[in-house]
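The values are calculated or read from the model by the stated rules, or taken from the named source; none is laboratory data. Remember, predicted model here, so these are calculated numbers, not experimental data. Here the Cβ positions follow ideal geometry from the backbone for every residue, glycine too, while neighbour counts run over all protein chains shown.
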Amino acid sequence: MHAIVETGGKQFRVAPGDVVRVPKLAGEVGAEVALGKVLAVFPDGGDLLTGEKAQAARVNATISAHDRDEKILVFKFKRKKQYKRTYGHRQDFTEVRIRDIVA
């Protein structure tokens, strides 16, 4: 069984036992959370659940870590104008382990 979940404005395909990096969630390491909005549930050997039936489903997870991604460099320039700017960005994320999908 797997599901499509939306959290932090992004969509993720999750299954029980998966470890997924999602945008930062509130909570301590080891805390149990229910991931955002469930968009679809694909049960093993069953019918696809979408719409209101999928919204009734829950995806339970456990927070395993908080960290930051690798730095990306952003470089801006305008030719012939001697304008150059370089800056970096590191995105915060939360690593969660999917416990179960309750449909």
Suppose we filter the stretch 49-92 for residues that are over 26 Å from Val29 (Cβ atoms) and touching a His at 6+ places or on another chain (Cβ under 7 Å); how many remain? 1
Candidates Ala40, Ala61, Ala3 - the one that is part of a strand (DSSP E or B) and modelled with pLDDT of 95 or more: Ala61
Kindly provide the set of residues from the stretch 19-67 that are surrounded by 14 or more Cβ atoms within 10 Å (Cβ to Cβ), closer than 18 Å to Val102 by Cα and among the small types (Gly, Ala, Ser), ordered by number. Gly36, Ala40, Ala54, Ala57, Ala61
Just for the stretch 5-18: of the residues that are in contact (Cβ under 8 Å) with a residue 24 or more places away in the chain and at positive phi, which one is surrounded by the most Cβ atoms within 10 Å (Cβ to Cβ)? Gly8
Is it the case, given these coordinates, that Glu28 is out of contact with any strand residue (DSSP E or B) (no Cβ under 6 Å at 6 or more places or on another chain) and under 17 Å from Ala65 (Cα atoms)? yes
Suppose we filter Lys81, Lys53, Lys24 for residues that are out of contact with any Cys (no Cβ under 9 Å at 6 or more places or on another chain) and touching a residue at least 60 places away in the same chain (Cβ under 8 Å); which single one remains? Lys24
Condition met for Ile72 (surrounded by 11 or more Cβ atoms within 10 Å (Cβ to Cβ) and out of contact with any Leu (no Cβ under 9 Å at 6 or more places or on another chain)): no
Some residue of the stretch 79-98 being loosely packed, with under 10 Cβ neighbours inside 10 Å, hydrophobic (A, V, I, L, M, F, W, C), out of contact with any Lys or Arg (no Cβ under 6 Å at 6 or more places or on another chain) and assigned to a strand (DSSP E or B): no
